[in-house]
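I have placed the structure first, in the form of structure tokens, so that the comments after it can refer back to it.
The values are calculated or read from the model by the stated rules, or taken from the named source; none is laboratory data. Quick caveat, the model's predicted, so the values are computed rather than measured. Here the Cβ positions follow ideal geometry from the backbone for every residue, glycine too, while neighbour counts run over all protein chains shown. Ligands, DNA and RNA are excluded from the accessible area calculation, which covers all protein heavy atoms including side chains. Shrake-Rupley method; radii C 1.70, N 1.55, O 1.52, S 1.80 Å.
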Amino acid sequence: MAEAQAHPAVALILEAEAEPALGYAHARITEPLAVATQLDPERLPEPWVLRLALRLAEGLLQAGTLDRAGTWLTVAGERLDAGRPTDRVAHATLTARLRLRHDRHADLAPTLATARAALAQAAPEDREALETRVRLVEAEAAWAQARFRPILDLLAGRLHQAGAFRRVDDLWRAQRLLGLARHARLDFAGAAEQFAAEVALCEHHEAPIDQAEALLYLGRCRLGAHDGAGAMAAFERARALAPEGSAPFDQVVGAVALARLAQGDEDGALAEAQAGAIAAARADDHRRYVEWIGVTTHLHRILGRHEAIYRQLLAIYGTLKRSLGDDAAAPILPLIDRLRADLGNEGFEALSQKLLSEQTRH
């Protein structure tokens, strides 16, 4: 055992096991674990390979790297014969989560049966925490099937049960699922309470991107409860935390735009959408940039500002075509076609002639 503890990979495994990685923060554990796989792996005892494989699979699964997660689950599965019940529960629940991500719902039942069989063999002091891990997968399956009441039945009572949550990761997932389920059932006050707790958890464990997402959900709950000022406060806190160019940043900007539109602030909504486009352009993310141009086009159409957006679309089309080629500019053409549909052929041609004559004069 002393020799194993001296192995440099073991320190990385122990560090990753102790890291309370939440959502996006799982990226903090995958890099050191990937390094651990390269540190003289043939000298690493089998039990440590199992621990390495399970934790790395979990991080990769949360990060959405499903093929690599599956590879490491296979590595772990090959070493489970002599493994502890806790390892078998971990492997079965991670396998079930991977199958959920692949929409293989029919394969869940035998995997969860394997998890519960291992759970029955666990030491009494471990059973509550392992029961939570199984219930979390069952709740995620219910969410995927748009069944919200089972999520409350599976998880709500466990939040105040001693020993049910040994891992911060599991508590984060439970809070997120309960908040989503309550929001879907239009229980905005209950959902807001759940997401506020998630915000505090993420802040305590220094997970700013996950905190931004929780604030985004909190803002949506407040909107549902007709608390526009509270919603905007949550959205603005989220925007300050989410890195520009990240998925949560885009979601927050979109939520703020919708909130401003709901409050009758059309120009404010348009300014938010334009800010999203600018952020995408700065990140050289062509796909996101075009998506935001689509949002700004839609808002201009709602406001009846067809001439203003037509000018912008023509300029954007020309810029993309010159700098990136025809394929990059092609998504702008359907947006122009929507203007034609709004104005009718005659009105659209008249507007086109107007803009063409202006260009000719200049």
> If you place +1 on the Cβ of every Lys and Arg and -1 on the Cβ of every Asp and Glu, how big does the dipole about the Cα centre of the chain come out, in debye to the nearest 20?
Replying inline: 640
> By per-residue mean of other Cβ atoms within 10 Å, what is the highest-first order of 147-156, 325-334?
Replying inline: 147-156, 325-334
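For the stretch 95-213, what % of the accessible area comes from carbon and sulfur atoms, probe 1.4 Å?
Details: 2910 of 5460 Å².
Whole-percent figure for carbon plus sulfur exposure: 53.
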>> Could you compute the net charge surrounding I309? Neighbours are other residues with a C-beta less than 12 Å from the C-beta of I309; K and R count +1, D and E count -1.
In response: +2
> Pick from A234, A280, A262: which residue has the top mean-square fluctuation in a GNM of the chain where Cα pairs under 10 Å get a spring?
Replying inline: A262
> So what are the ³J(HN,Hα) numbers for the stretch 241-249, from phi and the Karplus equation (6.51, -1.76, 1.60; θ = phi - 60°), rounded to whole Hz, Gly and Pro as x?
Replying inline: 8, 6, x, 4, x, 7, 4, x, 4
>> Run the numbers for A271 and R305: contour at 0.36 nm per residue of separation, minus the present Cα-Cα distance, in nm.
In response: 10.8 nm
>> I'd like the FRET efficiency for A106 and R185, computed as 1/(1 + (r/R0)^6) with the beta carbon distance as r and R0 of 30 Å, rounded to 0.05.
In response: 0.65
> What is the percent of Cα-Cα separations in the stretch 195-325 that go past 20 Å?
Replying inline: 49
> Could you give the alpha-carbon Rg of the stretch 59-183 over 2.2 N^0.38 Å, rounded to two decimals?
Replying inline: 1.02
> Placing +1 at every Lys and Arg Cβ and -1 at every Asp and Glu Cβ, with all other atoms neutral, what dipole size does the stretch 230-351 have around its Cα centre, in debye to the nearest 20?
Replying inline: 160
>> Looking at the calculated P(r) for the chain, what percent of the C-alpha pair distances fall above 35 Å?
In response: 40
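How long are the three semi-axes of the equivalent ellipsoid for the stretch 248-324, computed from the Cα gyration tensor as the root of 5 times each eigenvalue, in whole Å, largest first?
Working: eigenvalues 90, 55, 10 Å².
Semi-axes (√(5λ), whole Å): 21, 17, 7.
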> For the stretch 9-131, with every protein chain kept in place, what is the accessible area per residue (1.4 Å probe, Å²)?
Replying inline: 47
